Each structure stands twice: as C-alpha cells, then as structure tokens.
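Asks: This is the structure I want to talk about, given as structure tokens.
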Amino acid sequence: MGMILSTSERKGSARERLLARLLDAFGEALPPPEMSLREIAARIETSHALLRYHFGSLPGVLAAMLTAQRSRDNEALLEAAQQGSFNDFVAAIWRAYTRPEQLSRTRGFFYVVGLAAHDPGDFREFVESIGDLTVTLSSLAEREGLGAEEARAVAGVTVAAIRGLLLQEVLTPGTRSEDAVPLILSMKEARTVPRSDPER
C-alpha cells in the first residue's frame with residue numbers, strides 16, 4: 001500500500017487540484033471500494049498514474065477525500081458549537097452524519113478506519129484528523145464546568161458512542177434507536193452527576 005504523504009510533501013498544488021476534482025465528481029459520497037483507480041481517473045478525466053503518484057492507492061484516495069470532506073463538515077459544525085451547548089453539538093453531529101446521503105461516506109469511513117488500524121503510518125493525515133470533534137466536545141464540556149480530564153473522558157466516550165451506533169447502522173440498517181441522542185447524552189449525565197457521600 002502506498003504511503004499517503006502530506007500536501008507539503010507531495011507537490012501540494014497538483015495534489016490539491018486533483019483532490020478538488022475528486023470532491024467535485026463524487027459530491028458528498030465516495031468512490032465505492034470496488035471501483036478501480038483507473039475508473040476513478042477516467043471519471044475525473046486524469047491519468048491512473050497521477051492518482052497513484054499523489055495518493056498511492058485507492059485507500060489513499062478514499063482517505064484524502066474523507067479527510068477533506070470531514071474538515072469541511074467540521075467547519076460548519078464548529079460554527080454551531082460556538083453558539084450552542086455540548087448537547088446541541090452532539091445533536092448537530094448526529095444529524096449531520098445520519099442523513100441518508102451520508103451512508104456511502106460512513107461506509108467509506110469505516111473501511112478506511114479498518115485499514116488504518118493495521119497501518120496507521122500509511123494513513124497519518126486521516127488518523128490525525130479524526131480527533132477534531134472530540135477536541136471540540138471536550139472544550140464545550142469544560143466550558144460547562146467539567147474539569148479538563150473529565151471533559152476529555154466524556155468527549156471521548158460520546159464520540160465513541162456516536163461512531164459505534166453509526167457502525168451498527170452500516171452493518172444492520174434500520175436497527176438504530178430513535179432515541180440515540182438522548183441515550184448518548186445520558187452517559188454524560190451519569191458521569192457528571194455529583195456522587196453521594198459514601199459515608200451517609
């Protein structure tokens with residue numbers, strides 16, 4: 001599998017132009033894993049060799065597209081976070097990633113995550129990008145009175161729950177609870193409720 005290098009390491013402007021063409025061609029979706037690099041190259045009217053040079057492999061293309069798409073989504077979500085609460089932000093994340101048109105991208109996300117679990121060094125940019133929402137949720141939790149360590153823990157568990165439920169939906173469509181957001185938020189409340197004095 002080819003190494004996915006950062007923009008600065010890869011003649012940035014040419015790579016960025018190719019990435020922009022990929023995003024334009026596929027919109028919010030991703031090329032399916034069974035689609036070859038040659039087919040993707042034909043779709044965006046470039047050469048298979050150029051895609052391989054700049055992205056290394058089909059998973060490299062998917063990882064770069066996911067990183068760019070999620071960055072764009074997160075910018076919009078972060079604007080909402082500045083005005084809302086922790087709970088508002090969780091609900092916004094859930095709405096953003098459970099829209100029907102997001103299903104292709106959600107499948108692609110878990111496909112790339114599985115590959116990155118085996119070779120994180122080959123997916124460095126992607127791996128570094130997936131903590132953004134956790135950082136924002138942690139900041140919101142601190143703003144609402146939690147200590148830094150507990151805020152990080154609550155944010156981490158919240159994001160893990162969201163991703164776990166999204167994975168469940170990918171594997172078994174239609175089984176997701178309609179009360180998913182309240183259930184996720186109930187874990188935060190359970191962690192942050194003041195504990196009673198054990199001597200009483």
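Asks: Is it the case that some residue within segment 99-112 is under 30 Å from LEU146 (Cα atoms) and surrounded by 16 or more Cβ atoms within 10 Å (Cβ to Cβ)? Step through it out loud before you land on a result.
Replies: Step one: filter segment 99-112 for residues under 30 Å from LEU146 (Cα atoms), giving none.
No, because not a single residue in segment 99-112 is under 30 Å from LEU146 (Cα atoms) and surrounded by 16 or more Cβ atoms within 10 Å (Cβ to Cβ).
Asks: Can you name the condition, by its number, that ALA116 falls short on among (1) more than 14 Å from the chain's Cα centre (by Cα); (2) over 14 Å from GLU28 (Cβ atoms)?
Replies: Failed condition: (1).
Asks: Would you point out the residue of segment 160-180, among those that are at pLDDT 80 or above and in a loop (DSSP other than H, G, I, E, B), that is nearest to LEU133 (Cα to Cα)?
Replies: Only one residue tops the list, namely ASP179.
Asks: Ok, one more. Give me the residue from segment 4-26 that is surrounded by fewer than 14 Cβ atoms within 10 Å (Cβ to Cβ) and in a loop (DSSP other than H, G, I, E, B) and, out of that set, modelled with the lowest pLDDT.
Replies: SER6
Asks: Give segment 27-52 a look and list any residue that's surrounded by fewer than 20 Cβ atoms within 10 Å (Cβ to Cβ) and either in contact (Cβ under 8 Å) with a residue 40 or more places away in the chain or under 17 Å from the mean Cα position of the chain (by Cα) (or both), or say none.
Replies: GLY27, GLU28, ALA29, PRO32, PRO33, ARG52
Asks: Would you point out which residue out of LEU183, LEU140 is crowded, with 19+ Cβ neighbours inside 10 Å, out of contact with any His (no Cβ under 6 Å at 6 or more places or on another chain) and either assigned to a loop (DSSP other than H, G, I, E, B) or without any contact (Cβ under 8 Å) to a residue 60 or more places away in the chain (or both)?
Replies: Working: LEU183 fails: crowded, with 19+ Cβ neighbours inside 10 Å.
Testing whether each residue is crowded, with 19+ Cβ neighbours inside 10 Å, out of contact with any His (no Cβ under 6 Å at 6 or more places or on another chain) and either assigned to a loop (DSSP other than H, G, I, E, B) or without any contact (Cβ under 8 Å) to a residue 60 or more places away in the chain (or both) leaves just LEU140.
The values are calculated or read from the model by the stated rules, or taken from the named source; none is laboratory data. These numbers come from a predicted model, not from an experiment. Quick reminder, even Gly has a Cβ in these numbers, built from the backbone with ideal geometry, and neighbours come from all protein chains shown.
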